1. Wholly within the range 1-99, which strands (runs of 3 or more DSSP E) include no fewer than the required count, namely at least 2 residues that are within 26 Å of D235 (Cα to Cα)?
2. With respect to the numbered conditions (1) touching a residue at least 60 places away in the same chain (Cβ under 8 Å); (2) in a helix (DSSP H, G or I); (3) over 27 Å from Q103 (Cβ atoms); (4) charged (D, E, K, R), which one is the sole condition not fulfilled by D235?
3. Which numbered condition trips up A278, out of (1) at pLDDT below 50; (2) under 30 Å from N172 (Cβ atoms); (3) crowded, with 18+ Cβ neighbours inside 10 Å; (4) aliphatic (A, V, I, L, M)?
4. Checking R268 against (1) open to solvent by 80 Å² or more (accessible area, probe 1.4 Å); (2) under 25 Å from S67 (Cα atoms); (3) at pLDDT 80 or above, which single condition isn't satisfied?
5. Could you tell me how many of the residues in the range 135-172 are among the β-branched types (V, I, T) and without any contact (Cβ under 8 Å) to a residue 40 or more places away in the chain?
6. Could you tell me which residue of the range 232-250 is modelled with the highest pLDDT, considering only residues that are of a type in the set (A, V, I, L, M, F, W, C) and open to solvent by 60 Å² or more (accessible area, probe 1.4 Å)?
7. Residues that are within 22 Å of D220 (Cα to Cα), assigned to a loop (DSSP other than H, G, I, E, B) and modelled with pLDDT under 95: does the range 160-173 have at least one?
Amino acid sequence: MPCTLCDDTGWKRVEEGGVRRAVRCDCWRGALAARLLADARIPRRYQHCDLANFVAYPNERLQTALSRARRFAEAFPVADKGLFFIGPPGIGKSHLAVAVLKQVIREKGARGLFYDVRELLKIIRSTYDPVHRTTEFEVLQPVMTADLLVLDDLGAEKPSEWVDETLNLIVNHRYSERRATIFTSNYDIGDLSDPDSLQVRVGLRMYSRMHEMCEFHHLDGADYRELPPNGGVDDLQALWKLRRRPQARSLPARAASPARAQLRGDGRGDLKWPGGRAGT
């Protein structure tokens with residue numbers, strides 16, 4: 001059945017102050033948003049993620065990150081900086097990043113993309129074809145020019161000269177063109193003496209640009225993946241308390257625990273998360 005407002009033309013007539021004009025119909029905007037969302041490469045596991053269903057419970061850091069994510073999405077594209085969510089696996093970093101991306105696409109008609117950093121690097125490698133002269137730049141162009149880009153799990157990739165050059169190309173281009181970017185990482189900023197620090201994993205040059213490009217939010221909380229079936233806010237708080245409980249000194253090198261930060265003597269406890277593998 002054709003649209004009753006525009007007869008499927010995509011334009012409807014409105015009258016304001018005695019002046020008639022044509023504007024885009026709501027059906028056209030809805031269809032455009034659907035196409036843009038389909039092209040955004042959001043994984044099926046995260047397609048349910050919205051700001052409205054993000055559970056922050058009585059956790060000041062998650063509440064602050066959620067509030068800032070909402071402000072960013074509402075202000076887009078007038079945003080001075082992107083967002084960088086740092087914290088241990090399973091606390092909702094990817095949820096927040098995807099939720100912002102979806103809202104910006106739906107409400108602002110932005111061209112957005114989501115990539116796990118390791119998956120992006122894998123695609124770049126697999127699509128390079130010297131016979132047909134398919135250059136890396138042609139593959140990377142949509143990534144570099146998207147209105148909003150989410151790069152998930154930064155730092156989890158195995159460092160190499162090619163990885164550094166490729167990621168620096170993306171970040172430098174978006175930095176120069178002032179294009180909004182959202183990053184997530186399990187690796188804390190740390191310092192140059194820690195091989196698992198974000199600064200060492202991505203390099204000082206790229207870290208410096210990201211620091212100017214983004215607001216950094218250090219998150220702490222329960223691992224949502226450990227939530228029992230039908231678990232709720234009380235269960236999340238209980239899991240969070242367990243995670244914050246001081247642990248033995250024989251922790252693995254990348255243990256995502258505030259106890260390790262305290263043992264490292266940084267004096268800030270849950271601000272230090274030495275790493276971990278892929279997670280939200």
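1. Because the criterion is at least 2 residues that are within 26 Å of D235 (Cα to Cα), the strands (runs of 3 or more DSSP E) in the range 1-99 that meet it are 82-86.
2. Condition (1) is where D235 drops out.
3. Result: A278 fails condition (3) only.
4. (3)
5. Of the residues in the range 135-172, 5 are among the β-branched types (V, I, T) and without any contact (Cβ under 8 Å) to a residue 40 or more places away in the chain.
6. Residue satisfying both the conditions and the ranking: V233.
7. no
This table checks each residue for (1) surrounded by 16 or more Cβ atoms within 10 Å (Cβ to Cβ); (2) of a type in the set (V, I, T); (3) under 25 Å from D188 (Cβ atoms); (4) touching a strand residue (DSSP E or B) at 6+ places or on another chain (Cβ under 9 Å).
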| position | (1), (2), (3), (4) |
| --- | --- |
| T4 | no, yes, no, no |
| E15 | no, no, no, yes |
| R20 | no, no, no, yes |
| G30 | no, no, no, no |
| L36 | yes, no, no, yes |
| N59 | yes, no, yes, no |
| T64 | no, yes, yes, yes |
| P77 | no, no, no, yes |
| G92 | yes, no, yes, yes |
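The values are calculated or read from the model by the stated rules, or taken from the named source; none is laboratory data. Because the structure is a prediction, the values reported are computed rather than measured. All Cβ positions, glycine included, derive from the backbone under ideal geometry; neighbour counts span all protein chains shown. Note: areas computed on protein heavy atoms with side chains; ligands, DNA, RNA excluded. Shrake-Rupley method; radii C 1.70, N 1.55, O 1.52, S 1.80 Å.
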